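The values are calculated or read from the model by the stated rules, or taken from the named source; none is laboratory data. Because the structure is predicted, anything quoted here is derived from the model rather than measured. A quick note on method: Cβ atoms are made from the backbone with ideal geometry, for glycine too, and the neighbour counts reach across all protein chains shown.
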Amino acid sequence: MTTLMQLKARFKAHSPRKLWSLLHNVRHFLHRMQRGVMSPFFGRLVLFKLKISRKKQIANYFARFQVRKLQLGAGSNGLPGWLNSEGFVPSSFTHSLEVASDYIFLDVCQPFPFKNNSVDYIFHEHVIEHLSYHQGQFMLQECFRSLKPGGRIRIATPDLQVFVGLYGNQISAEQKCFLSEYVRFNSEVWSADLTHVRNNEAVFVMNHSFRAWGHLFIYDYPTLADALETAGFMGMERQLPQKSKDENLCGLEFRKEMVGIFDALVIEAKKP
């Protein structure tokens, strides 16, 4: 028994029962307060700090770079020369403040902190599928507003057509390989969600891709191209991962394994 435990036991033995009970209840009350009140308070404080520092970060970036490139939902893929942003959730803050200081806080479901026609490029990878269709449309409209005329957007997201094509008896060797790799990645690498899968891989992979990680809406090419056109964009073109006719949009995607490339829908568009 440690010295602290001995003191605690001695205090309990020699203190009035009511006093001990009171101290016990106070301790639990403070614990509940910390979880129920202080955590949200800390979250709001962090969010306020991020919003205040964001103005300076944006101003510094714009002063340093004439070609302004914005990445939404950067996560672990901070790109050199880009203004990397992330919609941190302060109530479940997963980045240290040191890491967060290298990004700007940007909630894609709120108006972007940029003037009209102020950014040359926007890139986001595996972001739009985490939004409802209407939230995604709002984000695309904000991208359109923030881009300069002639500015370009590049989006990478899972392709609905790829996942639908996995179901059935007549699938290719490449599709079978993708199914096995998807199960492996989500058993050993990214998560342990599919460790139980032994048969009927396509059913589990399709359900997982539609529901995992907070996915809300999975696009195919026609639907995403139409969403971009509705937001005002033109010249939609499908691209290969890591490839682009524009050197500023080459080699951006974080996912470079078969899972992340085979199922990728990559599209670029232009603001007229």
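The table for this structure:
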item	result
Residue under evaluation PHE185, criteria (1) in contact (Cβ under 8 Å) with a residue 40 or more places away in the chain; (2) more than 30 Å from SER146 (Cβ to Cβ); (3) in contact with a Phe, Trp or Tyr (Cβ under 6 Å, 6 or more places away or on another chain), criterion not met	(3)
Long-range neighbours under 7 Å by Cβ, at least six apart or interchain, first residue in contact (Cβ under 8 Å) with a residue 12 or more places away in the chain within segment 192-217, second in a loop (DSSP other than H, G, I, E, B) and among the aromatic types (Phe, Trp, Tyr)	ALA202/TYR167; MET206/TYR167
Count of residues meeting criterion [aliphatic (A, V, I, L, M) and in a loop (DSSP other than H, G, I, E, B)] in segment 223-272	2
Output for segment 189-222, where each listed residue is touching a Leu at 6+ places or on another chain (Cβ under 8 Å) and assigned to a helix (DSSP H, G or I)	GLU201, ALA202, PHE204, VAL205, MET206, HIS208, TYR221
Scope segment 140-164; condition small (Gly, Ala, Ser) and either assigned to a helix (DSSP H, G or I) or modelled with pLDDT under 95 (or both); matching residues	SER146
Condition met for ILE171 (in contact with a Gly (Cβ under 9 Å, 6 or more places away or on another chain) and either under 23 Å from HIS130 (Cβ atoms) or in a loop (DSSP other than H, G, I, E, B) (or both))	yes
Whichever residue in segment 246-256 is over 14 Å from GLU125 (Cβ atoms) and in contact (Cβ under 8 Å) with a residue 12 or more places away in the chain and, among such residues, is surrounded by the most Cβ atoms within 10 Å (Cβ to Cβ)	ASN248
Subset tally (residues that are among the aliphatic types (A, V, I, L, M) and touching a helix residue (DSSP H, G or I) at 6+ places or on another chain (Cβ under 7 Å)) for segment 215-272	11
Qualifying positions in segment 112-139 - in contact with a Leu (Cβ under 7 Å, 6 or more places away or on another chain), among the hydrophobic types (A, V, I, L, M, F, W, C) and part of a loop (DSSP other than H, G, I, E, B)	PHE112, VAL127, LEU131
Residue match in segment 78-88 (condition: modelled with pLDDT under 90, farther than 25 Å from LEU249 by Cα and surrounded by 12 or more Cβ atoms within 10 Å (Cβ to Cβ))	no
Candidate set: segment 176-189, residues that are at pLDDT below 90 and of a type in the set (A, V, I, L, M, F, W, C); chosen: the one nearest to TYR133 (Cα to Cα)	PHE185
Among the candidates ALA269, ALA225, ALA231, ALA192, residue that is aliphatic (A, V, I, L, M) and at pLDDT below 90	ALA192
Selection status of PHE204, closer than 21 Å to VAL164 by Cβ and surrounded by 15 or more Cβ atoms within 10 Å (Cβ to Cβ)	yes
Tabulated pairs, segment 52-67, first closer than 21 Å to ILE153 by Cα, second basic (Lys, Arg) and exposed (fewer than 11 other Cβ atoms within 10 Å of the Cβ), C-beta under 8 angstrom, 6+ apart or interchain	none
Out of GLN137, GLN141, sole residue that is surrounded by fewer than 20 Cβ atoms within 10 Å (Cβ to Cβ), within 21 Å of the chain's Cα centre (by Cα), touching a residue at least 40 places away in the same chain (Cβ under 8 Å) and closer than 23 Å to VAL67 by Cα	GLN141
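Each row is one residue, and each column tells you yes or no for (1) out of contact with any Phe, Trp or Tyr (no Cβ under 6 Å at 6 or more places or on another chain); (2) among the hydrophobic types (A, V, I, L, M, F, W, C); (3) loosely packed, with under 15 Cβ neighbours inside 10 Å.
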site	(1), (2), (3)
PHE114	yes, yes, no
ASP120	yes, no, no
VAL127	yes, yes, no
ARG154	no, no, no
VAL162	yes, yes, no
LEU166	yes, yes, no
GLU174	yes, no, yes
SER191	yes, no, yes
